[in-house]
Amino acid sequence: MAGTELLLSMVEARLARNGNGNGSNMESGEKTHQELEKIEQQIARLQVAAGPDESTQREIQLLNDRIQALRTDMASSHSKAWEKTELARHPQRPYLLDYIERIFTDWSEIHGDRGYADDPAIIAVWPVSMAKR
């Protein structure tokens, strides 16, 4: 029982250390799922070996609950990261010019030398009151 508890603690510690919600390392997530499956198999063997001992069955149930909590936490971390990605890619999100139009009443957009083309990723504004000086 102690070995299974140790393995589960190691998985929990790794998830706490790496689980910042970014969901960036898919291989690590797959490895964690495999480790949890191995731990569940060990718990199942312990459950058969333990027989009807009530205190052991309670401990086994607590271990199963921890595994389920880890799986739920892993799934929610991945979905949180994906929600952030979807929000950043949303076509109706405000752009910089939307903010500038609401902050400044009198402004002019500055363009490059027009030797080649304007870069739409670069936006520079100049307050019109400053341009008159």
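Can you tell me which condition V128 does not meet? The list is (1) modelled with pLDDT of 75 or more; (2) surrounded by 11 or more Cβ atoms within 10 Å (Cβ to Cβ), and all the others hold.
(1)
In the stretch 116-124, is there at least one residue being modelled with pLDDT of 80 or more and surrounded by 10 or more Cβ atoms within 10 Å (Cβ to Cβ)?
yes
Quick check: anything in the stretch 82-100 touching a residue at least 24 places away in the same chain (Cβ under 8 Å), of a type in the set (F, W, Y) and either open to solvent by 60 Å² or more (accessible area, probe 1.4 Å) or touching a Cys at 6+ places or on another chain (Cβ under 6 Å) (or both)?
Yes: the stretch 82-100 contains one or more residues that are touching a residue at least 24 places away in the same chain (Cβ under 8 Å), of a type in the set (F, W, Y) and either open to solvent by 60 Å² or more (accessible area, probe 1.4 Å) or touching a Cys at 6+ places or on another chain (Cβ under 6 Å) (or both).
Going by the structure shown, is Q61 over 26 Å from V11 (Cβ atoms) and within 36 Å of the chain's Cα centre (by Cα)?
Criteria not met by Q61.
Can you confirm whether L97 is at pLDDT 85 or above and of a type in the set (A, V, I, L, M, F, W, C)?
On the way: at pLDDT 85 or above: yes; of a type in the set (A, V, I, L, M, F, W, C): yes.
Taking the combined requirement at face value, the residue satisfies it.
Kindly indicate whether A69 is over 22 Å from I122 (Cα atoms), at pLDDT 80 or above, surrounded by 11 or more Cβ atoms within 10 Å (Cβ to Cβ) and small (G, A, S).
Spelling it out, A69 is indeed over 22 Å from I122 (Cα atoms), at pLDDT 80 or above, surrounded by 11 or more Cβ atoms within 10 Å (Cβ to Cβ) and small (G, A, S).
If you go through the stretch 49-79, how many residues are among the charged types (D, E, K, R) and either in contact with a Gly (Cβ under 9 Å, 6 or more places away or on another chain) or within 16 Å of E5 (Cβ to Cβ) (or both)?
5
With (1) open to solvent by less than 80 Å² (accessible area, probe 1.4 Å); (2) free of Cβ contacts under 8 Å to residues at least 40 places away in the same chain; (3) over 29 Å from the mean Cα position of the chain (by Cα); (4) under 23 Å from S9 (Cβ atoms) as the list, and T56 as the residue in question, which single condition is left unmet?
(2)
The values are calculated or read from the model by the stated rules, or taken from the named source; none is laboratory data. Owing to the predicted nature of the structure, the values given are computational and were not obtained by experimental measurement. Using ideal geometry, Cβ is built from the backbone for each residue, glycine included, and neighbour counts are taken over all protein chains shown. Quick note on the areas: whole protein, heavy atoms, side chains included, nothing else; ligands and nucleic acids left out. Shrake-Rupley method; radii C 1.70, N 1.55, O 1.52, S 1.80 Å.
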